[in-house]
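Data block below; observations after.
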Amino acid sequence: MKGIKSVLLDSSFCIRLLKSDADYHQNTVDYFKFFLDNGIEMYLSTIVVSEYAVGDNPDNLLSLNVFRLLEFDYADAKIAGSFFAELKGNEDLRKSEQRKVIINDIKLFSQIHNRNIDAYITKDRKSLKKMIQPLGKSHNLNFEFIDLSIQLNERLGRLF
């Protein structure tokens, strides 16, 4: 994870960070500490805040005071529109995901692209093949994809 200075957090990361009995909780805590220890800017989109708020008060998350809140703005919306236009004909994507999930993910990817964020951390591996890779080819969407199901030590190539 060399060269990563910023990361956008998905709702799956946020949920697992504060829920000690969630799958991948320890992985999430390890990544969180790694980001803090290495000065990696953690961005929290208002889109993720709205998803998080379905199950818990987002003030619990924001009380950690380590996240940069990222509002979805006009420039993000323009990029999201072009991303969605590119993917709207993808039948496999529509069959495998709910429309609202696709739209929210595309909005997050537009924020990453628009603001030159280096990485994205999520448990959603499906989005890599179904959305991120096609948008990488068509719109030069480029960032480090961090899979929460992979332990930090494994990701870094450490044996301990």
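What follows is calculated from the coordinates using simple rules that are stated; it is not laboratory data. Since the model is a prediction, treat every value here as computed from it, not as a measurement. Don't worry about glycine lacking a Cβ; one is built from the backbone with ideal geometry, like all the others, and counts go over all protein chains shown.
Can you return the lysines within cross-link range of Lys88? Criterion is Cα-Cα under 27 Å, with same-chain partners fewer than 8 residues away left out.
Those lysines meeting the cut-off are Lys78, Lys100, Lys107, Lys123, Lys126, Lys129, Lys130, Lys137.
Under a 5 Å amide H to amide H cut-off, with H placed in plane at 1.01 Å, what residues pair with Tyr43 once short-range neighbours are removed?
Val7, Leu8, Leu9, Arg68
Mind checking which of Asn27, Leu44, Asn60 is farthest towards the positive end of the range 6-154's charge dipole, using Cβ charges of +1 (Lys, Arg) and -1 (Asp, Glu) about the Cα centre?
Farthest towards the positive pole: Leu44.
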